[in-house]
Each structure stands twice: as structure tokens, then as C-alpha cells.
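Down below is the structure, laid out as C-alpha cells.
The values are calculated or read from the model by the stated rules, or taken from the named source; none is laboratory data. These numbers were taken from a predicted model, which means no experiment stands behind them. Note that each Cβ is placed from the backbone with ideal geometry, even for glycine, and that neighbours are counted across all protein chains shown. Areas reflect the complete protein model, heavy atoms only, side chains present, ligands, DNA and RNA absent. Shrake-Rupley method; radii C 1.70, N 1.55, O 1.52, S 1.80 Å.
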Amino acid sequence: MSGETTITVIGTVHGTPKAARLPAGGKLVVAFGLMRPRREYDHETRLWHDAEPFFLICAAFGKRGEGVRSTLRDGMHVVATGYLTLRDGEGEYPYLHLKAVGVDLGRHSVTVDDADAPLQPSPPTPRPIPPRPALPPSLPAPAVPGHLPSEEPARPTPWWSIAR
């Protein structure tokens, strides 16, 4: 499918997806309509209004088609990506050969079944962190002439005593 235009469309499923088998090889194909509402701005009235919606026919083949048939229903909001084919002739709609399709999670909640997914190896077990070496015993603070050692930390020398 090189050289074809790939697009992503966010829209609403229009009608129930219909399944069929291709005559050559019996491969499953599932098709459904996808409608994308449009808004247009009228410069004369300075208002937005609903325009004729963008409508296209989406087709999914094989395992993707099985997923579409078992998941999508009329009125569901979806995100569809695929190769766009424009049809010649009056009254015909553009055709989207689906590469990927999914339910819009902003509008629907989905439960994923991983029963058919290949088993993944378990994540590696983290190595234990070795204990830190013991710190050496604290050394006594150097003696400052005229001061007695104390447990308090030494205070900085005031700036006015240095300036004299």
C-alpha cells in the first residue's frame, strides 16, 4: 500500500459493522460507516453552524476485522487510522483501509482481554542492595585556641570582628 495517503479520523460509527468473506481465499472483511461532524464559520453572519458531516466507509481485514465486529457498535466514538482511497463517481464515499482502530477512551470505558496475547517473560528480579560500609569513628574536632570543645556546632565568625 505504498504511495497511498494515510489519515487518522476521529468520529462516530454509523450503522452496525457488516461482515463478509472475500471470494478469493475467504478472508474476513468487516466494513462500517464513520461519520465526522463538521463546523463551519459564516463570515457574513459571524456565526458557527453545523455543516454536512464528513462520511467515509472503513474496512478492516482478518484479525482486525474480527476485533471490529466483536467490539464496535452503532454510535460508538472511535479513532481510525488507515489508507485513504477516494472513489470516482457521484454519491460514492471515500474508503479507508484500516491499519488501526480503537474506541475513544474519552467517551467509553474498555476492558482488555489478554487471553490471546503471547506470554511475556517475567520481569527480572531486582538484585539486593548491598549494605553500606560502616562509617569510620568520628574524629575529634581540632582544638581552637581560647575555646573549649563543646557539643554545639561552631558558629561562623561575625564579620565585624574580622573588619577591625
note = Rounded to one decimal in nm, the spacing of the 7 Å Cα→Cβ label points at TYR93 and ILE10 is 2.0
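What is the local net charge at GLY33, summed over the other residues whose Cβ is closer than 12 Å to its Cβ (Lys, Arg +1; Asp, Glu -1)?
On the way: positive: LYS18, ARG36; negative: ASP74.
Net of charged neighbours comes to +1.
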inquiry  = Run the numbers for LEU47 and VAL112: contour at 0.36 nm per residue of separation, minus the present Cα-Cα distance, in nm.
reply    = 19.1 nm
remark   = Amide H proximity to ASP104 below 5 Å, modelled H, separation 5+ or other chain, gives HIS77, VAL78, VAL79
key: With all protein chains modelled, accessible area of HIS77 [1.4 Å, Å²]   = 50
task = With a 1.4 Å probe and every protein chain left in place, work out the accessible area per residue of region 1-115 in Å², rounded to a whole number.
result = 69
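For region 21-90, give the percent of accessible area contributed by carbon and sulfur heavy atoms, probe 1.4 Å, rounded to a whole number. Present the calculation step by step, with values, prior to reporting the outcome.
On the way: 2460 of 4790 Å².
That share works out to 51 percent.
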